[in-house]
Amino acid sequence: MAVVTLGVHIVDVLARPVESIPAGQDTHLVEQVRITAAGAAAGTAVALARLGVPVASLGAVGGDELGDFLLMIMERRGVDVSGVVRKPGEQTAASILPIRPDGGRPSFHAPGANLGLSLADLDPGRVAAARVLHLGGMDATFGLYDPDFFALLGRARENGAVVTMDLLSNMPDLVRAARDFLPYVDYLLPNEEQALMMTGAGDAETAAAELLAAGPSGVLVTQGAAGSLVVTGGGAVRVPALDVPVVDTTGCGDAYCAGFIAGLLAGRDPVSAAETGTAVAARVAQGLGSDAGLDDLTLEGI
């Protein structure tokens with residue numbers, strides 16, 4: 001596979017527009033309800049497959065119906081899910097997302113089987129053979145804080161893999177702990193809140209510079225409507241967001257990662273690859289769910 005995504009797999013249940021939670025047994029009518037494959041590994045994998053990039057995803061789901069659905073929808077979208085393990089007796093991670101009229105997305109989340117993912121659940125050969133290895137949500141996969149997993153990442157890089165990493169949470173202790181992975185990562189792609197949490201810095205530029213010094217070749221800080229900041233050894237470049245009508249911001253970070261990875265595979269430099277990521281994220285923002293707007297999108301068309 002050109003890309004292996006490794007980490008968090010989630011089922012998202014989304015409804016829009018939601019202005020408030022009904023009181024008591026009241027009902028509010030909404031325009032749309034969707035169920036999608038999401039999470040920093042699964043969502044990125046689906047977006048990559050939509051872009052025509054061969055991709056396999058590694059992670060853990062429960063032995064429940066949600067797990068059945070998640071694997072089915074990922075496979076239908078073109079993702080190789082043969083490396084996703086089932087955890088009998090555990091719940092598949094899931095989120096309920098009432099999407100506000102402005103695209104904001106408060107959430108109710110059950111972390112489920114992601115918390116128990118460990119090195120024993122992974123096929124080391126698939127990890128080591130990837131051209132790009134995307135670590136999705138390492139802050140929420142506690143079982144991978146393992147010296148043997150770090151050694152596996154080192155072998156993958158020795159074999160020529162590019163390792164990218166995105167985060168999942170906004171929990172300071174978890175986000176800061178993910179710094180342990182930075183010596184094994186080529187490109188880190190946090191959002192601004194996560195970058196500030198990881199470093200304690202007061203602004204994105206300072207945070208990105210500090211994170212760059214910890215090991216990666218590049219740090220890409222996504223900043224919502226302000227676009228993204230791309231920091232490499234050659235300096236810092238701002239990539240503006242596209243001006244599009246926002247329906248839902250769910251999955252925009254995963255889409256940005258997918259576009260960035262696809263751009264790298266196409267031979268684009270980090271800034272051009274970030275522009276590709278920006279375009280993919282803009283498509284997703286215009287619909288409901290992490291795979292919205294990607295049906296007819298091709299890398300050549302970006």
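The values are calculated or read from the model by the stated rules, or taken from the named source; none is laboratory data. None of these values were measured; they are calculated from a predicted model. Cβ: placed from backbone, ideal geometry, glycine included. Neighbour counts: every protein chain shown.
The lone criterion from (1) among the polar types (S, T, N, Q); (2) in contact (Cβ under 8 Å) with a residue 12 or more places away in the chain; (3) in a loop (DSSP other than H, G, I, E, B) left unmet by residue 25 is number (2).
Would it be correct to say that residue 237 is under 21 Å from the mean Cα position of the chain (by Cα) and touching a residue at least 12 places away in the same chain (Cβ under 8 Å)?
Working: under 21 Å from the mean Cα position of the chain (by Cα): no; touching a residue at least 12 places away in the same chain (Cβ under 8 Å): yes.
For residue 237, the condition - under 21 Å from the mean Cα position of the chain (by Cα) and touching a residue at least 12 places away in the same chain (Cβ under 8 Å) - is not met.
Report yes if some residue within the range 114-125 is more than 17 Å from residue 35 (Cα to Cα), in contact with a strand residue (DSSP E or B) (Cβ under 9 Å, 6 or more places away or on another chain), modelled with pLDDT under 95 and among the small types (Gly, Ala, Ser); otherwise report no. Scanning the range 114-125 turns up at least one residue that is more than 17 Å from residue 35 (Cα to Cα), in contact with a strand residue (DSSP E or B) (Cβ under 9 Å, 6 or more places away or on another chain), modelled with pLDDT under 95 and among the small types (Gly, Ala, Ser).
Among the residues of the range 247-272, those that are under 16 Å from the mean Cα position of the chain (by Cα) and hydrophobic (A, V, I, L, M, F, W, C) comprise 252, 255, 257, 258, 260, 261, 262.
For the range 52-73, filtering for residues that are touching a residue at least 60 places away in the same chain (Cβ under 8 Å) and either within 12 Å of residue 3 (Cα to Cα) or in a helix (DSSP H, G or I) (or both) leaves 5. What are the residues in the range 160-172 that are more than 13 Å from the chain's Cα centre (by Cα) and modelled with pLDDT under 95, if any? Answer for the range 160-172, where residues must be more than 13 Å from the chain's Cα centre (by Cα) and modelled with pLDDT under 95: 170, 171, 172. Note on the range 282-300: among residues that are free of Cβ contacts under 8 Å to residues at least 40 places away in the same chain and out of contact with any Leu (no Cβ under 8 Å at 6 or more places or on another chain), the one that is nearest to residue 42 (Cα to Cα) is 293.
Looking at the range 273-302, which of its residues are over 17 Å from residue 135 (Cα atoms), part of a helix (DSSP H, G or I) and within 18 Å of the chain's Cα centre (by Cα)?
Step one: filter the range 273-302 for residues over 17 Å from residue 135 (Cα atoms), giving 273-276, 278-302.
With the extra rule that they be part of a helix (DSSP H, G or I), the set shrinks to 273-276, 278-285, 299-301.
273, 274, 275, 276, 278, 279, 280, 281, 282, 283, 284, 285, listed by residue number.
Residues in the range 1-45 that are buried (at least 19 other Cβ atoms within 10 Å of the Cβ), among the charged types (D, E, K, R) and over 17 Å from the mean Cα position of the chain (by Cα): 16, 34.
In the range 70-113, what residues are under 22 Å from residue 34 (Cα atoms), among the polar types (S, T, N, Q) and modelled with pLDDT of 95 or more? If the condition is that a residue be under 22 Å from residue 34 (Cα atoms), among the polar types (S, T, N, Q) and modelled with pLDDT of 95 or more, then 91, 92, 95 are the ones that fit.
Would you point out the residue of the range 237-248, among those that are under 13 Å from residue 275 (Cα atoms) and among the β-branched types (Val, Ile, Thr), that is surrounded by the most Cβ atoms within 10 Å (Cβ to Cβ)?
Here is the first cut: in the range 237-248, the ones under 13 Å from residue 275 (Cα atoms) are 237-242.
Of the ones still in play, those that are also among the β-branched types (Val, Ile, Thr) are 237, 239.
Working: 237: 15, 239: 22.
Selected residue: 239.
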